[in-house]
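A.B. asks: Take this structure first; my questions come after.
Read-outs: derived from the displayed coordinates by stated rules, not from any lab. Just so you know, these numbers come straight off a predicted model, no measurement behind them. FYI the Cβ positions are ideal-geometry reconstructions off the backbone, even for glycines, and counts take in every protein chain you see.
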Amino acid sequence: MIEDVRETSAALKAVIKEMEKIERLGDVGKEFKKVFLIGCGSSYYAALYGSWPLLKNDDILTYALPSSELLFYYMEKVDKSSLVVGVSRSGNTAETITALEKCKKNGAHTIGFTIEKESKIFNITDEQIAFDIGEEKSIIMTKSFTSFSLATALFSTILSEKLSSRKQRFLDESKSICSLSENILSEENKIIPVSNRLVAENVERFVFLGSGPSYPIALEGALKIKETSYVATEGLHLLEFRHGPMASIGEKQTLIISSFLEENHVYLKNFVTEFMDKHADTILITDSKDFGENVIEIPSECTVESKSLLAIIPIQILAYYYAVGKGRNPDKPRNLSRYIQRF
C-alpha cells in the first residue's frame, strides 16, 4: 500500500498524458443534457469529487451516484439525452458493469475510466480511457483513487468550460499538481508521528469532515482507516457535525478535518476554536498557518479543488502507519478482494 501511495505523482502524470483524450470526451459531453458519474467504493468517491465542476454549472444536469443506486433508483432518468461515465479500477466491478449495460439499453452514451485495458468496461462502453498508472499492488485503492479523481475532475472541468465558455483555472493548474504531490510525499516522515500518537493513545474512532470538493475526500479518508484498521469511522460535511454528531465529543475519538474555505475561512477558524474549547482531539489538513499544532499543511497557491485532492495523500499515509502500528496488515485487509464479481 505505501509503495502505491509513493507512486502517486507518477500516476497523476499518466493522467495528464491522456489530456487530449479527456478533452475529446469533453467535446462529446456537450451534446447531452444529463451526465451521470458512477462507481463503487473509492471509485464512487472519485466520481463524486470529479462531479464538483459540473455541479456548479447550470447548463447540464449532473448526478454523482454509487452504481447500485443508479440501478435501483435512477435508471428511469437515463435516456438518449444522457451521458454516463463509469469509474472502475479493475474494469470488471459487477454493479458498475451492470449499470453501464442497462444505461446503454436505455439509449445513453457510455464512457469507461479504468486502469485495466483487458476488462469488461472496455467491451461494453462507447468510449474508454485506460490510465497507465502502473500496477496497483494493494487491494486498497490509493494512487488509483487520486488518479481517477483527477481524471473525472478534468473531464468535468473541460465539459463545464465548453458549456459555459468560461475559463477554468483548474485546467492550467493541473499541470503543476504532480510536482505539488511530490512535495507532500516528500514529507511522509512528518505524518508518521501523528499516526504513532493515535496508536499510543488507543484512538479507535475517527470522524472525517470536509466541505465542497473536500467532502468526497473526507468520505475516502474514513474508508481508508476502516479498510486498513477495522475501526469505527464516518465522513460528514464539515458544519453538519454541529447538528447532532457534536454530542460524541467527550468520547475517545479524533476529528480529521480537510477543509479549504477560501473567503469563508473565518467559519473554519470559528469551528476549530469551538472544537478546541470542548477539548476535541483534532487533526486539521488545510492551507493556513492559523491553527498552531496538529496541522498538516497543504500548499496554498492552488485552487480549492487541487488542495482538496492533494489532501488525500497525507490521509493515505496516516492510514497506512496507523494500521501497521495497530498490528494490522493493510496489504491483506480481511473480507476484501480487488473487486466484486457478482451482482
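A.B. asks: Normalised by the empirical 2.2 N^0.38 Å for globular proteins, what value does the Cα Rg of segment 180-267 take? Could you put the intermediate results ahead of the total?
C.D. replies: Values: Rg = 13.9 Å, N = 88, 2.2 N^0.38 = 12.1 Å.
Against the compact-globule rule of thumb, the ratio is 1.15.
A.B. asks: For a quick check: sort SER214, SER67 by the number of other beta carbons within 10 angstrom, fewest at the front.
C.D. replies: SER67, SER214
A.B. asks: While we're here: Cα-based Rg (one decimal) and Dmax (whole number) for segment 141-226, in Å?
C.D. replies: 16.5, 53
A.B. asks: Once the mean 1/r over all distinct Cα pairs of segment 234-279 is inverted, what Kirkwood radius in angstroms do you read off?
C.D. replies: On the way: mean 1/r = 0.0876 Å⁻¹.
Result for segment 234-279, one decimal place: 11.4 Å.
A.B. asks: Another question about this same structure. Tell me the relative contact order for segment 2-177 as a rounded percent, counting alpha carbon contacts under 8 Å between residues six or more apart.
C.D. replies: It comes to 30 percent, rounded to a whole number.
A.B. asks: Could you put TYR45, TYR215 in order, starting from the residue whose Cβ has the fewest other Cβ atoms within 10 Å?
C.D. replies: On the way: TYR45 29, TYR215 24.
The order, fewest Cβ neighbours first, is TYR215, TYR45.
A.B. asks: Regarding segment 187-325, what is the average projected area of its C-alpha convex hull, in nm²?
C.D. replies: In nm², the orientation-averaged hull projection of segment 187-325 is 7.5.
A.B. asks: Using 21 Å as the Cα-Cα cut-off, could you pick out the over-long pairs in LYS21/LYS167; LYS33/LYS77; LYS137/LYS226; LYS226/LYS269; LYS224/LYS326?
C.D. replies: Going by Cα-Cα distance, LYS226/LYS269 fall outside the 21 Å limit.
A.B. asks: While we're here: In µm²/s, what is D for segment 82-191 at 10 °C and 1.306 mPa s, where D = kT/(6 pi eta Rh) by Stokes-Einstein and Rh is the Kirkwood radius from Cα pairs?
C.D. replies: Answer from the Stokes-Einstein relation: 102 µm²/s.
A.B. asks: Using helices alone, what [θ] at 222 nm do you get for the chain, with -39,500 (n - 2.57) per DSSP H run of 4 or more residues, divided over all residues and rounded to the nearest 500?
C.D. replies: Calculated from helices alone, the mean residue ellipticity at 222 nm is -13500 deg cm²/dmol.
A.B. asks: Let me ask something additional. Give me the Kirkwood hydrodynamic radius of segment 265-343, using the inverse of the mean 1/r over all pairs of distinct Cα atoms, in Å to one decimal.
C.D. replies: 15.4 Å
A.B. asks: Name the residues whose placed amide hydrogens come within less than 5 Å of the amide hydrogen of PHE208, ignoring near sequence neighbours (fewer than 5 apart) on the same chain.
C.D. replies: Excluding prolines and chain starts, which carry no amide H, the hits are GLU234, GLY235, LEU236, ILE256.
A.B. asks: Same structure, new question: Just to compare against my own numbers: the Cα pair-distance distribution for segment 17-64, 5 Å bins, whole % per bin, please.
C.D. replies: 5, 20, 24, 26, 19, 5
A.B. asks: Next up: Where in segment 125-228 are there trypsin sites (Lys or Arg not before Pro) that are in a DSSP coil and have at most 16 other Cβ atoms within 10 angstrom of their Cβ?
C.D. replies: Counting only loop positions with at most 16 other Cβ atoms within 10 Å, the trypsin sites (Lys or Arg not before Pro) in segment 125-228 are LYS137, ARG166, LYS167.
A.B. asks: log10 I(q)/I(0), Debye, Cα-only segment 142-192, no solvent, q = 0.12, 0.19, 0.23, 0.28 Å⁻¹?
C.D. replies: -0.36, -0.72, -0.90, -1.07
A.B. asks: Can I ask one more? Grab the other residues whose beta carbon is less than 14 angstrom from that of TYR73, score K and R as +1, D and E as -1, and report the net.
C.D. replies: Charge balance near TYR73 sits at -1.
A.B. asks: A further question on this structure: How about segment 1-65: which trypsin sites (Lys or Arg not before Pro) there lie in a loop by DSSP and see at most 14 other Cβ atoms within 10 Å?
C.D. replies: Loop-located and lightly packed - LYS33, LYS56.
A.B. asks: Okay, next question. For a distance above 30 Å, tell me the whole-number percent of Cα pairs in the chain that qualify.
C.D. replies: Cα-Cα pairs of the chain separated by over 30 Å account for 33 percent.
A.B. asks: Testing the spin-label approximation: label points 7 Å from Cα along Cα→Cβ at SER165 and ASN189. State their distance in nm.
C.D. replies: Going from the SER165 label point to the ASN189 one covers 5.4 nm.
A.B. asks: Along each of its three principal axes, how wide is the spread of alpha-carbon positions in segment 2-177, in whole angstrom units, largest first?
C.D. replies: Projected onto its principal axes, the Cα set of segment 2-177 covers 43, 37, 22 Å.
A.B. asks: Once both axes come from the Cα atoms, what is the angle between helix 19-29 and the longest principal axis of the chain, in degrees from 0 to 90, rounded to 10?
C.D. replies: Tilt of helix 19-29: around 60 degrees.
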